[in-house]
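This report concerns only the one structure given below.
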Amino acid sequence: MERLSVHLIVDIVYRLHAGQSVRAICRDLRHSRRTVRCYRKLAAAKGYMDPSRPLPEAAEVLAHLGPVCSAPSSNVSSVEPYREVVQSLLNQGIEMVAIHQQLGRHHGYQGSYSSVRRFVHQLRPRVVVTSP
């Protein structure tokens with residue numbers, strides 16, 4: 001979930017309380033549905049979504065919902081189980097296309113070439129050389 005400013009959290013809660021849809025809030029505030037849904041869940045747990053109740057004060061919203069920030073999700077590459085094989089092939093100077101083909105032929109890898117390319121770039125980041 002994205003880290004939001006204090007004003008955005010309050011705005012999301014007020015809009016949800018008023019009955020605005022998650023999609024409309026996302027469009028207006030330019031945040032992901034996942035983020036807005038998370039704050040909706042937190043607000044519902046505190047009773048802020050009940051239209052019969054008055055809007056909570058901004059200080060109360062922030063005290064209970066605060067700037068929530070969860071760790072970014074980490075996706076494990078489908079190539080990770082073949083790390084040693086990929087590293088060995090890279091050390092031999094084999095190109096990424098050939099690595100993808102060898103993983104498929106000899107190791108049963110069924111993932112995409114793009115996954116192999118991203119994985120290789122994690123292992124060996126590109127070096128940008130700037131001239132003075």
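Compare the peptides 8-21, 94-107 by average per-residue count of other Cβ atoms within 10 angstrom and give them in order, highest first.
Values: 8-21: 17.4, 94-107: 14.9.
The most tightly packed comes first, giving 8-21, 94-107.
Put simply, when 44-50, 55-61 are sorted by average Cβ atoms within 10 angstrom per residue, most first, you get 55-61, 44-50.
In this calculation the C-beta distance from HIS64 to GLN20 is compared with R0 = 22 Å, giving a FRET efficiency of 0.65. Remark: VAL22, VAL79 ranked as VAL22, VAL79, counting other beta-carbon atoms within 10 Å and listing the fewest first.
Using a simple charge model, +1 on the beta-carbon of Lys and Arg, -1 on the beta-carbon of Asp and Glu, nothing else, what dipole does the stretch 6-65 show about its Cα centre, in debye to the nearest 20? List each step's numbers first, then the result.
On the way: 11 positive and 5 negative charges, 91 e Å.
In debye, rounded to 20, the stretch 6-65 gives about 440.
Each residue, MET96 and LYS41, gets one label point 7 Å from its Cα in the Cβ direction; the gap between the two is 3.4 nm.
Readers should treat all values here as calculations from the given coordinates under stated rules, not as data from a laboratory. Note that the coordinates shown come from a computational prediction; the quantities given were computed from them, not determined experimentally. No Cβ is skipped: glycine too gets one built from the backbone with ideal geometry, and neighbour counts run over all protein chains shown.
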